[in-house]
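The values are calculated or read from the model by the stated rules, or taken from the named source; none is laboratory data. Predicted model only: the values in this text are computed from it and were never measured. Neighbour counts run over all protein chains shown; Cβ positions are idealised from the backbone, glycine included. Each accessible area value is taken on the protein alone, full model and side chains, heavy atoms only, with ligands, DNA and RNA left out. Shrake-Rupley method; radii C 1.70, N 1.55, O 1.52, S 1.80 Å.
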Amino acid sequence: MQTFENYTYERPDLEQSKEKFAVLLDAFKNATSADEQNEAIEQINAFRAHFSTLFNLVYIRASIDTNDEYYQKERDYMDEIAPEVQKLDTDFYKELIKTPFRSELEKKWGTQLFEIADYSIKAFAPEVIGLLQKENKLTSEYSRLVASAQVEFNGETYTLAQLGPFMQDKDRDVRKKAASAASGFFEANAEKFDAIYDQLVKLRHEIATTLGYKNFVELGYIRMMRIDYNADMVANYRKQVQESIVPLVSKLYKKQAERIGIDSLKFYDESIEYKTGNATPKGSPEWIIENGKKMYEELSPETNEFFHYMLDRNLMDLEAKKGKESGGYCTFIEDYQSPFIFSNFNGTSDDIDVLTHEAGHAFQVYQSRGIGIPEYIWPTHEAAEIHSMSMEFLTWPWMELFFQEDTDKYKYSHLASGLRFLPYGVAVDEFQHLVYENPEWSPEERKAAWKQLEEKYLPHRDYGDMPYWGTGAIWQRQGHIYESPFYYIDYTLAQICAFQFWKRSREDREAAWNDYLNLCKLGGSKSFLGLVEAANLQSPFEDGTVESTVQAIEEWLESVDDKSL
Ligand SMILES: [Zn+2]
């Protein structure tokens, strides 16, 4: 059996690949029946799967070790050719939507493929290739800058990810120092962070106007494949969060302050939930993985098979190390039918979230890997997060394995932090609307806009005397804002759906699990709202869904004597 280390990467020859693709596309165009066209699609998809495999291998290996010169160089190369490869996809989509066999193909694949093709065409034109290349370079520059952080703290140097645990230390002074050290890194590099974002905003505006849009907002929605909802619906949804959730979250922060015994909750107190410390996993990374194995063995036959597949092939790189990029992700290496999980274990409960959240993504893609066309392997992002966030809740019965005496603490924090996240999530979304509607803004104007959003959505927030982040700059640590514009509201929409799975799994576990498994198997074969419906969930956009969903969460939180935790 091949393991990840042996998955082969070889730099592709772009010119040769383009020629090969042209031959395949001709076969598609000249097909005289739907069957023939389906055969041609299969060939085209095999070609695309190979490219996607090479991309993923490079990005995974480059992010595991940013000091590996070979893969850094290959990533630069991939950044450069990505728009050219995107052009090949679009060429295929342009032919696809012209097919005389559309009704036969729709019968086989449904309409979502054609929607995706339409949106991909709208997001691209050869005239913007140079601009897209610049965009990729800038986003890579951002991630390298963040990964380069060597922050001095208590006489040692740390990456930003490694500072995380200190920000939730029981000792207030340690928390404050750790948060200030992280903020200090951003302050020391403020000019760079400002400049990268300023260039990105202007560049994206130029891409949008070149493609014929008024500004980047519309293009941002198209890129994110927001097929069945629009900016107005999102604005209405944000309003629901503001009305139903912001007051609730303010109340939660008040309780938190009382619980940890301080008068006024500062930013650096937000991550500490209990006087006796937060819930932490009670063992080493190996021990966590061993318990993860037991959990997935017991959860269902499907998760059992899946987790062994991941372990047998070394498809998880979980521990934090110097030079490793921050954050966590899950991706899929098509030629090897392999999900891959990347994370930075740091001894906090986040480590278990990796094992449930990222593994939820991996489990979904494992379930849909045989779905036939690459467009359907993953759903769009807001739908994809339903799988991951719901897995966090569906694994609740096994949390004792990891947290032992801290299990109740963990569960309370898990639900409370899910709620607390929502106002922040919609603030990040509204911020991006404002930024791209006003591309001429200066870095200072952007920071002022963020500060106003904090007043609206995070009225409890108080940075105290913390430098820099208090000036409206904290969003600079949120990679999505740089790397994947408008990819954020997704987490909040999915959280509302995952809360529904939490509730349903407590009422009828079997029915909830079956709907979940079915949702995983559907992959991306439907649009977001189509998947929500197929999973028997209520749409977060419908008036009342936000309110009724969080009501159940609030009741549960109210029923807990949080001071005893
Ligand atoms: Zn996720």
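Numbers at a glance
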| quantity | calculated |
| --- | --- |
| Of all accessible heavy-atom area on the range 415-462, the percent that carbon and sulfur account for (1.4 Å) | 50 |
| Average accessible surface area per residue within the range 68-134, 1.4 Å rolling probe, Å² | 47 |
| Cα-centre dipole for the range 6-152 with unit charges at Cβ (Lys and Arg positive, Asp and Glu negative), debye to 20 | 280 |
| Rounded, prolate or oblate (a/c below 1.5 giving rounded, otherwise prolate when a/b exceeds b/c) for the range 309-366 by Cα gyration tensor | prolate |
| Shape parameters for the chain, alpha-carbon atoms, Rg then Dmax in Å | 23.4, 76 |
| Solvent-accessible ranking of LYS294, LYS411, largest area first, probe 1.4 Å | LYS294, LYS411 |
| Cα→Cβ-extended label distance, 7 Å offset, between THR407 and LYS29, nm | 6.3 |
| For the range 108-252: rounded, prolate or oblate by the Cα gyration tensor [a/c cutoff 1.5] | oblate |
| Listed residue (ILE341, SER484, ALA123) projecting farthest to the positive dipole end of the chain, Cβ model | SER484 |
| Long pairs among LYS214/LYS447; LYS192/LYS254; LYS122/LYS521; LYS94/LYS137; LYS324/LYS447; LYS20/LYS94, criterion Cα-Cα beyond 25 Å | LYS192/LYS254; LYS122/LYS521; LYS94/LYS137; LYS324/LYS447 |
| Options GLY418, GLN432, THR407, ranked by Cα towards positive dipole end of the range 396-448, top entry (Cβ charges) | THR407 |
| Rg and Dmax [Cα atoms of the range 185-280; Å; Rg one decimal, Dmax integer] | 20.4, 57 |
| Rounded to whole Hz, the Karplus (6.51, -1.76, 1.60) HN-Hα couplings of the range 282-295, x for glycine and proline | 9, x, 6, x, 4, 5, 4, 5, 4, 5, x, 4, 4, 4 |
| Point-to-point label distance, GLU141-ASN6, nm (Cα→Cβ direction, 7 Å offset) | 4.2 |
| Ratio of Rg to Rh over the range 141-216 (Cα coordinates, Kirkwood Rh, two decimals) | 1.20 |
| Cβ charges +1 (Lys, Arg) and -1 (Asp, Glu), total dipole of the chain, debye | 620 |
| Cβ-based net charge around ASP465, under 13 Å, with every Lys or Arg adding one and every Asp or Glu removing one | +2 |
| Where GluC sites (Glu not before Pro) fall in DSSP loop in the range 1-100, at most 15 other Cβ within 10 Å | GLU10 |
| For the range 59-87 and the range 505-553, distance of Cα centres in Å | 36 |
| Solvent-accessible area, 1.4 Å probe, carbon plus sulfur percent, for the range 168-264 | 48 |
| Solvent-accessible ranking of ASP35, ASP89, largest area first, probe 1.4 Å | ASP35, ASP89 |
| Global size of the range 355-421 as Cα Rg and Dmax, reported in angstrom | 14.4, 46 |
| Potential lengthening between ALA195 and ALA46 on full extension [0.36 nm per residue; Cα-Cα distance subtracted] | 49.6 nm |
| Cα centroid of the range 170-185 to Cα centroid of the range 408-425, whole Å | 22 |
| The range 217-232 - phi-based ³J(HN,Hα) in whole Hz, Karplus 6.51/-1.76/1.60, Gly and Pro as x | 4, 4, 5, x, 5, 5, 4, 7, 6, 7, 7, 10, 8, 10, 4, 5 |
| Distant alpha-carbon pairs in the range 232-365 (separation over 27 angstrom), percent | 42 |
| Those aspartates and glutamates that a straight Cα-Cα span of less than 13 Å connects to LYS294, excepting residues fewer than 8 apart in one chain | GLU286, GLU305, GLU400 |
| Added length on full extension, which subtracts the Cα-Cα distance from 0.36 nm per residue, LYS521 to TRP556 | 9.5 nm |
